[in-house]
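Quick notes on the structure that follows.
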Amino acid sequence: MTEQSGQTPTLDNLSTESRVFAPTDEFSAAANVGAAAYEQGADDREAFWAEQAERLSWDTRWERVLDWDDAPFAKWFVGGKLNVAANCVDRHVEAGLGDQVAIHWVGEPGDSRAITYADLLREVSKTANALAELGLEPGDRVAIQLPMIPEAIYSMLACARLGLVHSVVFGGFSSTALRSRIDDAQAKLLITSDGQYRRGAPAPMKDNTDEATAHTPSIEHVLVVRRTGGDVGWTEGRDLWWHDLVDRQPETHAAQAFDAEHPLFILYTSGTTGNPKGILHTSGGYLTQASYTHHAVFDLKPETDVYWCTADIGWITGHSYIVYGPLSNGVTQVVYEGTPNTPHEGRHWEIIQEHKVSIYYTAPTLIRTFMKWGADIPAGYDLSSLRVLGSVGEPINPEAWIWYRENIGANRTPIVDTWWQTETGAIMISPLPGVTHTKPGSAQRPLPGISAKVVDDQGVEVAKGGGGYLVLDQPWPSMLRGIWGDNERYRDTYWSRFADLGFYFAGDGAKYDADGDIWLLGRVDDVMNVSGHRISTTEVESALVSHPTVAEAAVVGASDPTTGQGIVAFVILRGSAKPDDSTVKTLRDHVATEIGPIAKPRQVLIVNELPKTRSGKIMRRLLRDVAENRAIGDTTTLADSAVMDLISSGLKSAP
Ligand code: 6R9
């Protein structure tokens, strides 16, 4: 335990992790970005980002790199003009890459399409012509609720091409969630599909969107892609089939340049209170950082790499690392429609083998699921094409990191653990695969051109070994430009915590290890306080998962009359492990050994499933309801709403 002056003591545990993996000489020698970038980024941040902005094609060059006079409202590349879609599509075709595959699209039922950059240009142009025919004007908002089909990407890029602001709503969100997002942005058009494939079966989608649009007067048209072929309700005059409207459009469209600060998209993310926040991103700065980070962090070589990010486009990772970053870099990428175990648990490895995927970017929750399914499944496929692995979305515990490296990366590939948020727009903290000596569980260092610090309650940077809050103390190009329609909430949520210092408050706890590397400890609201000791849920989860019988664990702080909060752990055992009378005691003792008696869970509950959002985050709020014997709260954002029933019934039968 480390004692910090004036603060509650915090616990060390993750920093007992001492394994370090250096990049090979061969990898470093060929890497896109070397160590010198860190100095360039620190010496003159604006000059560094101006250099990265040269990656893009600008119709008019900017006059000023950063205008921060009206902080916290940033303007980057002031006076510059560009078309985001032309940067992602047209310029690659103009450079002679029209025949290169942009997207190897793999449908869940086994259908597939190879879409070249020339195809992409044609489809995006037709879609843009269709949206223009509907009378949409630059600045109008378009809601998109679609499965992971190519039309989702065409739609986003067509909006960008016309200066329309898209608001993508995850395909599994309820009609209530869709309705509130449409209303908040006053969207005029909704693009959706008749249905979507989920776990091997078609499920309706338009029924859901019809429920939402029955109450959204701003919607003038609903454009419907036929995907599953089921019956759908139809409102004449409002609803239009994609194949009727888009297919007959001219195949060319002249892109017009928009201001660097022209709004590109709104993406809603849940806050700790109130309605979801519409995070606003704009064009030039966003695309610059999405493009640069994709190039630097994944070491992308567009001529030879095949890239695959497993996120959904309904999530920021899909926006920045399926659509804008990769396509601006002229990538060849896999886009997969379905779930990882449809039709079998080796589906991802089969796709990697077939398309010779070389860069694979996924989330810790999925890695732990793969662990649960067993290492023999990936071992049955040829994964030798892989050369960089990425992780995003939550802290990755060292056990999962090592499993990922050994079983997917053949103990050879660098792993980049990338910390960022919907609000930051692009990756902020991550190893560079050709430079960083990676440490399992640590996101390590702000990228070149980025500044982040771990500070105490007063905003004073903590010493090496110390813990506190993660802040971003300098503006960055892809930063959010606000919360749609609510400037006050923007200031309050992100800029009021350290108002005098002008820091952006990320809402994450973090600490420095003895080398000054950053370890993310989970949301500050996930930090428990047990008898005055700060213990992060991640630390306890990590300890539990390090036990050989445990596949996955989620920990919450439940209110406790004596200690303030008590630690309650929900644990999924590995397939082969059978719970018996001693399981709970063994696991409690294991945590005590790993971290210290103070971190020993008050309760360990053996369960079969954990409640997760579609982006893979464990919904601790619901687990807290279980732990505190309350009625279960709002479950609308759960990926699988039956999970809470499973947990409750499983608890009754657990030993
Ligand atoms: C990209 C994305 C943001 C929150 C963030 C943090 C957590 C994301 C992480 C990570 C530790 C990482 N998070 N990446 N924590 N290590 N590599 O996930 O955006 O959905 O907005 O979530 O996710 O808590 O504050 P978003």
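The values are calculated or read from the model by the stated rules, or taken from the named source; none is laboratory data. What you are looking at is a predicted structure, and each value in this text was computed from that prediction instead of being measured. Here the Cβ positions follow ideal geometry from the backbone for every residue, glycine too, while neighbour counts run over all protein chains shown. Heads up: the accessible areas ignore ligands, DNA and RNA and are worked out on the full protein's heavy atoms, side chains in. Shrake-Rupley method; radii C 1.70, N 1.55, O 1.52, S 1.80 Å.
What do you reckon, is ARG181 open to solvent by 40 Å² or more (accessible area, probe 1.4 Å) and among the basic types (Lys, Arg)?
For ARG181, the condition - open to solvent by 40 Å² or more (accessible area, probe 1.4 Å) and among the basic types (Lys, Arg) - is not met.
Yes/no matrix, rows are residues, columns are (1) more than 28 Å from the chain's Cα centre (by Cα); (2) under 30 Å from PRO343 (Cβ atoms):
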site: SER175; (1), (2): no, yes
site: LEU190; (1), (2): no, no
site: VAL222; (1), (2): no, no
site: THR252; (1), (2): yes, no
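Can you list residue pairs whose Cβ atoms sit under 7 Å apart, with the first residue in segment 20-45 being more than 20 Å from ALA410 (Cα to Cα) and the second being open to solvent by 60 Å² or more (accessible area, probe 1.4 Å)? Count only pairs 6 or more apart in sequence or on different chains.
As it stands, the answer is ARG45/GLN474, since those pairs meet every condition given.
Given (1) open to solvent by less than 20 Å² (accessible area, probe 1.4 Å); (2) within 13 Å of the ligand (Cβ to nearest atom); (3) in contact with a strand residue (DSSP E or B) (Cβ under 9 Å, 6 or more places away or on another chain), identify the lone condition not met by ARG368.
Failing condition for ARG368: (2).
Of the residues in segment 224-245, how many are within 30 Å of the chain's Cα centre (by Cα) and open to solvent by 50 Å² or more (accessible area, probe 1.4 Å)?
1
What number of residues within segment 82-137 satisfy the criterion of being aliphatic (A, V, I, L, M) and open to solvent by less than 10 Å² (accessible area, probe 1.4 Å)?
12
Just name the residue that is least open to solvent (accessible area, probe 1.4 Å) out of those in segment 400-424 that are touching a Pro at 6+ places or on another chain (Cβ under 8 Å) and away from the ligand (no atom under 15 Å from the Cβ).
This residue is ILE408.
Has segment 531-538 got any residue that is surrounded by fewer than 23 Cβ atoms within 10 Å (Cβ to Cβ) and either more than 25 Å from LEU587 (Cα to Cα) or free of Cβ contacts under 8 Å to residues at least 60 places away in the same chain (or both)?
No; the residues of segment 531-538 include none that is surrounded by fewer than 23 Cβ atoms within 10 Å (Cβ to Cβ) and either more than 25 Å from LEU587 (Cα to Cα) or free of Cβ contacts under 8 Å to residues at least 60 places away in the same chain (or both).
Return yes or no: is VAL306 in contact with a His (Cβ under 7 Å, 6 or more places away or on another chain) and open to solvent by 10 Å² or more (accessible area, probe 1.4 Å)?
yes
So ILE352 ticks every box in (1) in contact (Cβ under 8 Å) with a residue 60 or more places away in the chain; (2) aliphatic (A, V, I, L, M); (3) farther than 26 Å from GLN52 by Cβ; (4) surrounded by 20 or more Cβ atoms within 10 Å (Cβ to Cβ) but one. Which box is left unticked?
Just one mismatch for ILE352, condition (1).
Scan segment 321-335 and tell me whether some residue there is open to solvent by less than 10 Å² (accessible area, probe 1.4 Å), within 14 Å of the ligand (Cβ to nearest atom) and in contact with a strand residue (DSSP E or B) (Cβ under 6 Å, 6 or more places away or on another chain).
Yes.
Which residue is modelled with the lowest pLDDT, if the candidates are limited to segment 392-426 and must be part of a loop (DSSP other than H, G, I, E, B) and hydrophobic (A, V, I, L, M, F, W, C)?
ILE396
Out of all the residues in segment 378-391, is one or more within 11 Å of the ligand (Cβ to nearest atom), crowded, with 23+ Cβ neighbours inside 10 Å and in a loop (DSSP other than H, G, I, E, B)?
no
What number of residues within segment 488-506 satisfy the criterion of being part of a loop (DSSP other than H, G, I, E, B) and surrounded by fewer than 21 Cβ atoms within 10 Å (Cβ to Cβ)?
So the answer is 4.
Regarding GLY509, is this residue within 14 Å of the ligand (Cβ to nearest atom) and either buried (at least 23 other Cβ atoms within 10 Å of the Cβ) or closer than 27 Å to SER291 by Cα (or both)?
Answer is yes for this residue.
Just one of the numbered conditions (1) crowded, with 18+ Cβ neighbours inside 10 Å; (2) basic (Lys, Arg); (3) closer than 20 Å to VAL335 by Cα is not true of LYS277; which one?
(3)
List the number of the failed condition for GLN256; all other conditions in (1) at pLDDT 95 or above; (2) more than 16 Å from ALA158 (Cβ to Cβ); (3) over 29 Å from the mean Cα position of the chain (by Cα) hold.
(2)
Report the residue count in segment 610-655 for those that are at pLDDT below 70 and open to solvent by less than 30 Å² (accessible area, probe 1.4 Å).
Summing the residues that are at pLDDT below 70 and open to solvent by less than 30 Å² (accessible area, probe 1.4 Å) in segment 610-655 gives 1.
Residues being open to solvent by 40 Å² or more (accessible area, probe 1.4 Å) and either polar (S, T, N, Q) or not in a strand (DSSP E or B) (or both): count how many of those fall in segment 185-204.
4
Which members of segment 427-456 meet the condition of being on the phi < 0 side of the Ramachandran plot and not in a loop (DSSP other than H, G, I, E, B)?
ILE429, THR438, PRO446, ALA452, LYS453, VAL454, VAL455
With GLY459, GLY468 as the choices, which residue is more than 27 Å from TYR286 (Cβ to Cβ) and in a strand (DSSP E or B)?
GLY468
Can you tell me which residue in segment 138-154 is farthest from the chain's Cα centre (by Cα), limited to those that are among the small types (Gly, Ala, Ser) and open to solvent by less than 10 Å² (accessible area, probe 1.4 Å)?
Per the criteria, the residue is ALA143.
Considering only segment 432-449, I want to know if a residue exists there that is modelled with pLDDT of 95 or more, buried (at least 17 other Cβ atoms within 10 Å of the Cβ) and farther than 30 Å from LYS301 by Cβ.
No, the conditions are met nowhere in segment 432-449.
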